[in-house]
Amino acid sequence: MKRWLFALFLVLFVPNSNAASLERFQSYLRTTQSARGDFEQKVYDKNGKLVQDSRGSFLLLRPNRFRWSYVKPQQVIVGDGERVWIHDADLNQVTVRRIARVLGSTPAALLAGASDIQNAFDMKELGEKDGLEWLEAKPREKEAGFESMRLGLSTGGVEAMELVDHFGQTTRLRFSNVVRNPQIEPGTFRFSPPRGADVLGD
């Protein structure tokens with residue numbers, strides 16, 4: 001299972017603005033109903049060694065509907081509004097969980113635009129670095145599964161995301177070719193396990 005990509009779920013385009021990072025993100029929550037784009041994902045261990053390098057594309061339709069597709073290894077994560085489906089093609093295995101059980105204080109909850117994000121996360125502006133304005137979100141729940149998340153924003157939108165887990169592993173995401181509020185058919189987010197696949201979970 002790819003770490004975090006429920007986050008993905010989701011992502012990420014903020015309207016042009018000269019505002020600070022928190023205000024830009026709040027603007028995204030107010031105005032973005034759908035999005036599509038591409039991503040690159042790199043995972044580093046606690047010593048900074050690259051242990052995973054992958055890429056793919058995403059679709060998002062709020063609330064809680066998303067399709068996160070990896071090119072290699074081939075994997076798809078789909079949120080249909082009620083459940084999250086993770087299909088690992090190499091293993092021919094599907095894992096399914098109810099969305100209410102996997103959101104909570106997770107990257108998904110933040111990026112999907114939960115109405116109570118200020119209650120679920122401790123949010124702080126970090127200032128500018130590498131040409132981006134950075135916003136940090138730390139979950140208030142101890143069981144969230146990650147220590148912190150940082151969002152890197154430009155005037156064109158969210159360009160980067162970094163997540164640190166409880167073991168010191170860091171996942172870094174870069175987004176490109178993002179289109180905000182495209183028309184997306186709701187059927188895109190339906191998922192049926194392939195014939196013969198092992199199905200685990202709810």
> Since R172 meets every condition but one in (1) over 25 Å from G81 (Cα atoms); (2) more than 16 Å from the chain's Cα centre (by Cα); (3) among the basic types (K, R), which condition does it not meet?
Replying inline: (2)
> Can you pull out the residues in the stretch 68-85 that are under 16 Å from G37 (Cα atoms) and aromatic (F, W, Y)?
Replying inline: W68, Y70
> Restricting attention to the stretch 68-98, which residues are touching a residue at least 40 places away in the same chain (Cβ under 8 Å), closer than 23 Å to V164 by Cα and open to solvent by 40 Å² or more (accessible area, probe 1.4 Å)?
Replying inline: R97
>> I need the full set of residues from the stretch 35-58 which are among the acidic types (D, E) and closer than 17 Å to Q75 by Cα, in order please.
In response: D38, E40, D53
> For the subset of the stretch 35-56 comprising residues that are touching a Phe, Trp or Tyr at 6+ places or on another chain (Cβ under 7 Å) and of a type in the set (G, A, S), which member is nearest to F167 (Cα to Cα)?
Replying inline: S54
>> Name the residue that is modelled with the highest pLDDT, counting only residues in the stretch 139-161 that are over 21 Å from S27 (Cβ atoms) and surrounded by fewer than 16 Cβ atoms within 10 Å (Cβ to Cβ).
In response: E147
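The values are calculated or read from the model by the stated rules, or taken from the named source; none is laboratory data. In this text, all values refer to a predicted model and were calculated from it rather than measured experimentally. Note that we place each Cβ from the backbone using ideal geometry, even for glycine, and neighbour counts take in every protein chain shown. SASA here: full protein model, heavy atoms, side chains in, ligands and nucleic acids out. Shrake-Rupley method; radii C 1.70, N 1.55, O 1.52, S 1.80 Å.
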